[in-house]
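Have a look at the structure below, then the notes.
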2 protein chains.
Amino acid sequence: MAWNTNLDELPAYEKLKKLARNPFDLTVPGALSPERIKGYKAGGAGFDLLFATQRIDEAVLNGLQQLADQSCAVDQFLAMKRGAVMNRIDGYDSEERQVLHTACRDIFQETPYNAEATGQAKEELEKLKTFLAELDRGGVVNEQGESFTDYVNIGIGGSDLGPRAIYQALSAYSLENRRVLFISNVDPDDAASVLKNLDLARTLVGVVSKSGSTLETLTNEEIVRAAYREAGLDPGKHFVAITGQGSPMNNPDRYLRSFFMYDYIGGRFSATSMVGAVMLGFALGYDDFIKILRGADDMDRAAEDRDIRNNPALLLALLGIWNHNFLNCETVAVLPYSQALLRFPAHLQQCDMESNGKSVNRQGEKIPGFTGPIVWGEPGTNGQHAFYQLLHQGTTVVPAEFIGFRQSQRELDMQLKGTTSQEKLVANLLAQSIALATGKKDDNPNRAFSGNRPSSVLLSDKLTPYSMGALLALYEAKIVFQGFIWNINSFDQEGVQLGKVLANRFLQQMNTLHQAGEIDRGKHPENWAMLEAAGLLPHQQVD
Amino acid sequence: MAWNTNLDELPAYEKLKKLARNPFDLTVPGALSPERIKGYKAGGAGFDLLFATQRIDEAVLNGLQQLADQSCAVDQFLAMKRGAVMNRIDGYDSEERQVLHTACRDIFQETPYNAEATGQAKEELEKLKTFLAELDRGGVVNEQGESFTDYVNIGIGGSDLGPRAIYQALSAYSLENRRVLFISNVDPDDAASVLKNLDLARTLVGVVSKSGSTLETLTNEEIVRAAYREAGLDPGKHFVAITGQGSPMNNPDRYLRSFFMYDYIGGRFSATSMVGAVMLGFALGYDDFIKILRGADDMDRAAEDRDIRNNPALLLALLGIWNHNFLNCETVAVLPYSQALLRFPAHLQQCDMESNGKSVNRQGEKIPGFTGPIVWGEPGTNGQHAFYQLLHQGTTVVPAEFIGFRQSQRELDMQLKGTTSQEKLVANLLAQSIALATGKKDDNPNRAFSGNRPSSVLLSDKLTPYSMGALLALYEAKIVFQGFIWNINSFDQEGVQLGKVLANRFLQQMNTLHQAGEIDRGKHPENWAMLEAAGLLPHQQVD
C-alpha cells in the first residue's frame, strides 16, 4: 500500500471500526479460556507478550495485521534504520533529519544498516572504553590523585529521564563505590539538594546538551562550577561534556573529555548513545553497558518481523491503537511489577508523548482522529494500594501494560506463608490482569466489577542490562510504529517552542524589574497582570 | 437543596451543560485581559489560586457556585468534620465509618469539631513528643548506647505515598544526621536495595499498618527483622509500630513503642495522623510537624467558606468538575514547579483516584456520568522537556494544575543572564499557563498552537512545613468536595478486593507447586494457563 496515508484512509480501518462496535467480551464465563491464554502470546529478545486479556479476537488480530501491512510499518522502520530522512513535514519548514538511534546499538554485525552512524557510534564507544579504563586503573584521577566515586549527571528531558530510569533499574549491578546523582530541574533546590551531600573532590560531573545551549542545563552547570571554585577545585579536572561536535560545549579548556551526540538521534531516543553511555559506563562498567546495547539491538531486529505475532513491539503498538482509536481510551497505564523500574514510566512519558502528541500529519494536514495517548503509571504492587480502585471500578477504562520478571535482581528473598516475595509480586501481576478482564458480579453493586478492562503482560526472566536494553528498544519501536500508522512525524517537538518564547518574555520583564527599569504595561499586558496576580511585582509597581 | 443527589439532577447541571456548548474562548485577542487575570483569583491559608486561564466566565462561575450550594458541599464537609458517618452506602453492606482526618489537625482551638477524635490525636501527639524528646536527649538509644540516625518506614499505599511525598518535599528542613528511607513494594528488591546501604545498628524501623495484616508490609517487616537477627541485633529495640489499637501489631514484646491510628481515618487521608507523624517527627522534629498540622488546619477552615471565590479547595473541585463533566476531559495533570514535590502527584493519584474512582452513588445506583479523573504529573520544568508537547499540540486536552512558590527552599541560587534560577522556574510556570490558554497561529501548521487548554495556578511564598500542610489539606478537601458533588462514597475502596482474592488463588497454586502437589487443572483453569503462558510452571507440568 502507501506510506504517508492517514489511519482512517487505510482499507483495514473501516473493518476494524465495525469490529469495535462489538469487541470481544472477556466477562463471558469461559471467554478467557486456557487455549486463548496460551495462544495469545508473542515473543522476542527475551520478552513474552501475553495479550489474551485484550478485547480482541482473530478477526481483530487479522485487521491489525492488515493495518500494519497497509501502513508499511515495518518497511518504514527498516527505512528509518537505514537512514531515511523521517524527521520532516512535506512542504513545510521542518527539521529534515535522519532518525538513527538504532544505529548506536547496531554494532554487532559486520554490515550495519547505516555504516556511517554506526561508525560514529563505535568511535565514541572506543573513546569511552579508554576513558573508563583510565578511571579504573588510576590514569584519570582528581587533584589529590584519588579515584572518582561519584558522578553527577546534569541534563534535562532526554538527557535525564531515560538515563536516570536505566540507572535506577540497574543499580543492583552498580560497581562497588560508584554512585550517580542527577540534577535536571532549573529549580535551584534541585542542584542544592544534590550538592549538599556530595564530596566534590571525588566527583565527576557529566553535562549533557546536544546544542550546548539548554537553559536549565547551562544554569545548573554554572551553579555546580561555582561550587567547585568555592571549594578550591578546578572544574576542568572534573567536568565531562556530552554534546554535539559543533556545540560551544566542545571545549577542551573547560572539559576533561568530550563525547559526541549527533543530530540524527533525538533526545528522547538517546539513552543508548553517549547520553546514557558515559554515566552508565561509569556506574556499571563498559561491559554491562554493551549488554544494554545487545538487548536493544536484538529487540530492534525482532521489530523487523512482518508477522505481528512474532513482533512484540509492533503488536503492542497495534493493541494500543485498537484501544485508543477504536475503543476510545485516552490513556495507557504502564505498570511495572518491579520497584527498580520506578522511573521507567516517566521516561516513556517523554518518549511517547513528545513523539506522538501531535495534531498534524506528515503532509501538514490536521489529523482527523486521535494520535498519542496519555501515558502514566507507577510500579505494582504499590499502585494496587493507590489508583487501582479507579482501574477496576472507575467510570473511565484505562488499558494497562503490565511488565514483570520471573526472578528478582538481588538475592535477598524470603518464604512467608508458603511463597516468596517474588512469587507474591508475580502472582499479583497476573491476578490484576485477570481481574480487570473478567470482572465479577455481586449483589452488592459497590462490590461488583464490570470487567472488560484490557491489559497486556510483558514478561522476561530478570531485569538485567540485556533485558533493560530490550525493554527500552521495545517501547521505542512501539512508539515509532504508532507514529508511522498515525502518519505523523514522531521525531520533532515544535510544541515546546511557544512556552519557551513566553518564558523568555517573562524573564525580560523580570530583568527590567531587577534594573528598576520603566515598566511598559501596554506591552504584553497579560504578562504584567500575571506577574501582579502572582505577587511577583514590587509594591510600587502594583496597579 | 438535598444531600445525596446525583450531579445531573442538581438544578444547575442543565444550565452548565448549555454553557459548556460554547465555553469561554481564551484564544480571542484580548480575552485574557489584565482585569480577568487580576479578578480571577481566590485565596486561603497562604495559597493563591489563579484561574483566569480556565474556560469560564461569570455565568459559569455562578453556575458552579450554585452547584456547590445545591449539593450542600460545605454542609457535608462540616458534617464530616463533626463526625457524621460519611463512609457508607445506603441499603448495602458497607464500612459505616466516620471520616475524621481533619480531627488530627483540629488541635489548635479550645472546642474542636469532634472532641473525641481530636482528643485521641492529642494523646498520640503527646506520646510522640515524649518519644522524640527521649531520642534527642539519649533516653532511647541502641544496644551500644548510640543515638539513631536513620529511620526506615515500612508501609504501602497511604502508609507510604503521602508520608514519603511530604518527607521529600521538606527534606530541606531535615534535622542534621537524620535520614529516612522507605520500603513499600512486595518486590523483594525494594527491601534489598534499602538494606544494602544501611547501618542497622543506628536505624529505627517504623512499621505502618492499621490492621496489622497488610501482606506487603508484614512480608517486608519479616525480611528486615531477619536482617536484624542476622546482624545479632534485637528488633525489639529498633522497631516501632504505627497501627490500630486492637491490631496484632500492638505488642510491646515486639515493638519499642506503638502509636495508634483509628478506623475513622482512611489510609489515603492519614498523612497527618501518626502514620506521617512518627517518621516526619523523627526527620524534622516535633515542632515542624506541628507546623504541618497548623497549615492543614488553616486550609481545613478556609474550606468552610461558602463563597467559592474565597475557598480555593472548593473552587479547584468545581473547576475540575467543569473540565471533567462538562468539557469532557478524562485526566488532570498536577504539575508542581518544585523538584521537592516530585512524589506529590503519586500521593494525589492515591488520594484522588482511590477516593473518587467509583461507579455507584451513595444509594448503590450506577452513576450515569463520569466520576474521578485520571490524575498524573511530574515537576516542571522537567515536564516541559518531556510530555508538554502533547499538552500543547496533542489531540487530547489535558487540564493542568500548576503549583509554584515565589522563593526557593535552600539558599543556593545564582543570577545568570539577568535572572535567578527561581525566577526562571516561576517564569516558565506562568508562561506555560498563558501558552496553553492563548495558543498561537502560524502559517506552518506544525508550529501552530490551538490554545484553549485550561489550567489553574496555585502559588504560595515558599514550600515550608506550614505550606506543605496547607497544600495537602487543599487537595484532600478538593477530593472530598468532588465526591460530595458526584454523590459518591469517597472513603471506601471495594475495587481493590477482587485483585486480592485472585492473587491469593495464584499464591495457593504456587504453594501447591512448591510442595510438588497434584495439580487440578479443572479448578481455575485460566490461572493454570496464565502460569503456563508466563513460564512459571515446572517443565513436567506444562501441557
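Worth a mention:
- Any chance B:Tyr40 is more than 25 Å from B:Arg268 (Cα to Cα) and of a type in the set (Ser, Thr, Tyr): yes
- Test: residue in the range B:424-437 that is touching a residue at least 24 places away in the same chain (Cβ under 8 Å) and either outside any helix (DSSP H, G or I) or more than 10 Å from every other protein chain (Cβ to nearest Cβ) (or both): no
- Matching helices (runs of 4 or more DSSP H) fully within the range B:1-85 where at least 2 residues are more than 30 Å from B:Thr438 (Cβ to Cβ): B:11-20, B:58-70, B:73-82
- Given (1) within 9 Å of chain A (Cβ to nearest Cβ); (2) in contact (Cβ under 8 Å) with a residue 24 or more places away in the chain; (3) among the hydrophobic types (A, V, I, L, M, F, W, C), number of the condition B:Val240 does not satisfy: (1)
- Where A:Ser94 falls short, out of the listed (1) more than 14 Å from chain B (Cβ to nearest Cβ); (2) of a type in the set (S, T, N, Q); (3) touching a helix residue (DSSP H, G or I) at 6+ places or on another chain (Cβ under 9 Å); (4) more than 21 Å from A:Ala271 (Cα to Cα): (1)
- None of A:Arg301, A:Arg294, A:Arg362 is among the charged types (D, E, K, R) and in a loop (DSSP other than H, G, I, E, B) except A:Arg362.
- Filtered residues of the range A:468-515 (kept if within 9 Å of chain B (Cβ to nearest Cβ) and under 24 Å from A:Val85 (Cβ atoms)): A:Asn489, A:Asp492, A:Gln493, A:Glu494, A:Gly495, A:Val496, A:Gln497
- Output for the range A:377-413, where each listed residue is over 30 Å from A:Lys17 (Cα atoms), within 7 Å of another protein chain (Cβ to nearest Cβ), surrounded by fewer than 24 Cβ atoms within 10 Å (Cβ to Cβ) and free of Cβ contacts under 8 Å to residues at least 24 places away in the same chain: A:Leu412, A:Asp413
- Evaluating A:Leu531 against the criteria (1) farther than 19 Å from B:Ala31 by Cα; (2) at the interface with chain B (Cβ under 9 Å from one of its Cβ atoms); (3) free of Cβ contacts under 8 Å to residues at least 40 places away in the same chain; (4) of a type outside the set (Gly, Ala, Ser) leaves one unmet condition, (1).
- Subset of the range A:167-200 [without any contact (Cβ under 8 Å) to a residue 12 or more places away in the chain and acidic (Asp, Glu)]: A:Glu176, A:Asp187, A:Asp189
- Scanning the range A:38-69 for residues that are of a type in the set (Gly, Ala, Ser) and within 22 Å of A:Asn487 (Cβ to Cβ) turns up A:Gly63, A:Ala68.
- You will find that of A:Arg36, A:Arg82, A:Arg105, the residue that is of a type in the set (Lys, Arg) and not assigned by TED's automatic domain parsing to the domain that holds A:Lys441 is A:Arg105 and no other.
- Comparison of A:Ile488, A:Ile479 shows that the only residue that is touching a Cys at 6+ places or on another chain (Cβ under 7 Å) and touching a residue at least 24 places away in the same chain (Cβ under 8 Å) is A:Ile479.
- Of all the residues in the range A:454-480, those that are more than 15 Å from the chain's Cα centre (by Cα), farther than 21 Å from A:Gln407 by Cα and outside any loop (DSSP other than H, G, I, E, B) number 1.
- Scanning the range B:330-346 for residues that are closer than 24 Å to B:Phe491 by Cα and in contact with a Pro (Cβ under 9 Å, 6 or more places away or on another chain) yields B:Glu330, B:Thr331, B:Val332, B:Ala333, B:Val334, B:Phe344, B:Pro345.
- Verdict on B:Arg505 being farther than 26 Å from B:Ser270 by Cα and outside any helix (DSSP H, G or I): no
- Residues of the range B:196-211 satisfying the condition of being surrounded by fewer than 19 Cβ atoms within 10 Å (Cβ to Cβ) and either within 10 Å of chain A (Cβ to nearest Cβ) or not aliphatic (A, V, I, L, M) (or both): B:Lys196, B:Asn197, B:Asp199, B:Arg202, B:Ser211
- Residue check: B:Gly451 meets all listed conditions (1) assigned to a loop (DSSP other than H, G, I, E, B); (2) within 21 Å of B:Leu335 (Cβ to Cβ); (3) facing another protein chain (nearest Cβ under 8 Å) but one, namely (3).
- Verdict on A:Glu354 being in a helix (DSSP H, G or I), charged (D, E, K, R) and on the phi < 0 side of the Ramachandran plot: yes
- A:Ser408 vs. criteria touching a Pro at 6+ places or on another chain (Cβ under 7 Å), at pLDDT 95 or above and not hydrophobic (A, V, I, L, M, F, W, C): yes
- If the condition is being of a type outside the set (S, T, N, Q) and not in a helix (DSSP H, G or I), then the range B:304-317 contributes B:Glu304, B:Asp305, B:Arg306, B:Asp307.
- Counted residues, the range A:438-448 - those being in contact with a strand residue (DSSP E or B) (Cβ under 7 Å, 6 or more places away or on another chain) and more than 7 Å from chain B (Cβ to nearest Cβ): 2
- When residues of the range A:134-165 are limited to those that are touching a residue at least 40 places away in the same chain (Cβ under 8 Å) and small (Gly, Ala, Ser), the one farthest from B:Pro379 (Cα to Cα): A:Ser147
- Here A:Ile374 does not qualify as surrounded by fewer than 24 Cβ atoms within 10 Å (Cβ to Cβ) and facing chain B (nearest Cβ under 7 Å).
- Hey, A:Lys440 in the same structural domain as A:Ser467 (by TED's automatic domain parsing) and modelled with pLDDT of 95 or more or not: yes
- Residues that are touching a Gly at 6+ places or on another chain (Cβ under 8 Å) and farther than 18 Å from A:Gly83 by Cβ within the range A:100-128 comprise just one, A:Leu128.
- Residue in the range B:20-35 that is closer than 24 Å to B:Gln493 by Cα and either in contact with a strand residue (DSSP E or B) (Cβ under 8 Å, 6 or more places away or on another chain) or touching a residue at least 24 places away in the same chain (Cβ under 8 Å) (or both) present: no
- Scanning the range A:1-17 for residues that are in contact with a helix residue (DSSP H, G or I) (Cβ under 9 Å, 6 or more places away or on another chain), modelled with pLDDT of 95 or more and not hydroxyl-bearing (Ser, Thr, Tyr) yields A:Asn6, A:Leu7, A:Asp8, A:Leu10, A:Pro11, A:Ala12, A:Glu14, A:Lys15, A:Leu16, A:Lys17.
The values are calculated or read from the model by the stated rules, or taken from the named source; none is laboratory data. In this text, all values refer to a predicted model and were calculated from it rather than measured experimentally. Cβ sites come from the backbone with ideal geometry, for glycine too, and all protein chains shown count toward neighbours.
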